[in-house]
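Working notes, structure below.
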Amino acid sequence: VGSEMCIRDRYLIVIVYGIKNCDTVKKARRWFEANSLEFEFHDFRADGLEQKTIELWLKKVPWELLLNKRGQTWRNLEDPRKDKLDQLIAIELMVANPTLIKRPVVSYKNDVMVGFKEQDYVTYFGK
């Protein structure tokens, strides 16, 4: 029962995933703070990121949205699989290079939001 309660409690926590020096992540964090919404920050550069977390996100959002192909990490990535992308390859690349993930990723209850658009947050969180 103890671990089940822990899982249930964690499900009710807003978790903001990203890296602390990302401007978009900073905007999202400031928005939560300004609206007095508690959240937990998970820096996947410092804290790592498990494949199963990415797989859970991909049940809610397409890998094409989650994989950031516009950033410097993507441009600098020398991997022949870049030209043969599918979900499996995208997961492998994101696990090996978490900064390939579009930021922030916000997980709450059974939902996942990618990126920061203030109006989407206002609508979703009712603030």
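The values are calculated or read from the model by the stated rules, or taken from the named source; none is laboratory data. In this text, all values refer to a predicted model and were calculated from it rather than measured experimentally. FYI the Cβ positions are ideal-geometry reconstructions off the backbone, even for glycines, and counts take in every protein chain you see. With ligands, DNA and RNA removed, areas are computed over all heavy atoms of the protein, side chains included. Shrake-Rupley method; radii C 1.70, N 1.55, O 1.52, S 1.80 Å.
In whole percent, and with a 1.4 Å probe on the protein chains, what portion of the accessible area of the range 1-119 is carbon and sulfur? Answer for the range 1-119 is 47 percent, counting heavy atoms of protein chains only. Working note: 222 nm ellipticity from helices only, DSSP H runs with n ≥ 4, each -39,500 (n - 2.57), summed and divided by the residues of the chain, gives -12000 deg cm²/dmol to the nearest 500.
The residues of the chain present an accessible area of 63 Å² per residue when probed at 1.4 Å with all protein chains retained. In terms of its C-alpha gyration tensor, the range 8-77 has an oblate overall shape, because the principal axis ratio a/c (a ≥ b ≥ c, square roots of the eigenvalues) is not below 1.5 and a/b does not outweigh b/c.
When the alpha carbon coordinates of the chain are projected onto the principal axes, the ranges are 44, 36, 25 Å, largest first.
Could you tell me the distance between the Cα centroids of the range 33-54 and the range 72-123, to the nearest Å? What the calculation gives is 14 Å, centre to centre. By the scheme Lys and Arg +1, Asp and Glu -1, what is the net charge of all other residues having a beta-carbon under 13 Å from that of Gly18? Result for the neighbourhood of Gly18: +4. For the range 45-92, taking Cα atoms only, Rg and Dmax work out to 11.3, 29 Å respectively.
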